[in-house]
Amino acid sequence: MFHPDAVRPPSVDPEDKGAWLEESFDAQVRERFDSVLDLAGGDPLVRLLARETELVATLEQHRVRLVLWQVLGPDVAHLDYLKLSMEAGLFAPATLLVLNAGLVRSKRSIEAVFAEVTGHKVFVDAVAQGAQVVWFPGLVCMKGVAERGLTFGEAKRGIRATAVRAV
């Protein structure tokens, strides 16, 4: 379920992905277009590229405005990728920390559930460096979809779960 204009590396091989990613950035510098890069759960390739090429500074020198976002759940383990990214130099002046309230299964307030994350040193440091915090609201239907063991695409197509699936 990708947008029709979405492009992907030719394979999952790190060499192929690295070459594809570098060419994607080069094309963006040459042709001046907007793009979105989804790291699919924190692929370390971009961190490696950021460290080796000083990616953020290099793109800024070429007047490419980099906007980064990190989607975080209420578990402090979700800060691991943010920490690794910051250590690799993959932190831009325009960074969003998206707190995903859709992952909250508790009846407690969203702020209380996220308190450990928002009070954590990594989060506080990111905000101190200019990151902006935004909330992604919980979707009313999310609980029902998750309880049925469906993806949102399946639920949208009207598929009904016939058995419990292992996830």
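Please treat every number below as a calculation from the coordinates, not as lab data. Keep in mind that this is a model prediction, so the values were computed, not measured. A quick note on method: Cβ atoms are made from the backbone with ideal geometry, for glycine too, and the neighbour counts reach across all protein chains shown.
Rounded to the nearest 20, the size of the Cβ-charge dipole of the chain about its Cα centre is 1000 debye, with Lys and Arg at +1 and Asp and Glu at -1. Can you tell me which of Thr151, Thr58, Thr95 moves the most in a GNM of the chain? Springs connect C-alpha atoms under 10 Å apart. In this elastic network of the chain, the residue with the biggest mean-square fluctuation among Thr151, Thr58, Thr95 is Thr151.
Along the chain, counting only chymotrypsin sites (Phe, Trp or Tyr not before Pro) with a DSSP assignment other than H, G, I, E or B and at most 16 other Cβ atoms inside a 10 Å radius, the longest segment between sites is 34-167. Toward the positive end of the charge dipole of the chain, with +1 on the Cβ of Lys and Arg and -1 on the Cβ of Asp and Glu, the farthest Cα among Met86, Leu48, Gly153 is that of Gly153. Normalised by the number of residues in segment 14-136, the mean separation of alpha-carbon contacts (under 8 Å, six or more apart) gives a relative contact order of 24 percent. Evaluate E = 1/(1 + (r/R0)^6) for Val29 and Trp135, where r is the Cβ-Cβ distance and R0 equals 35 Å; express this FRET efficiency to the nearest 0.05. That pair, Val29 with Trp135, gives E of 0.60.
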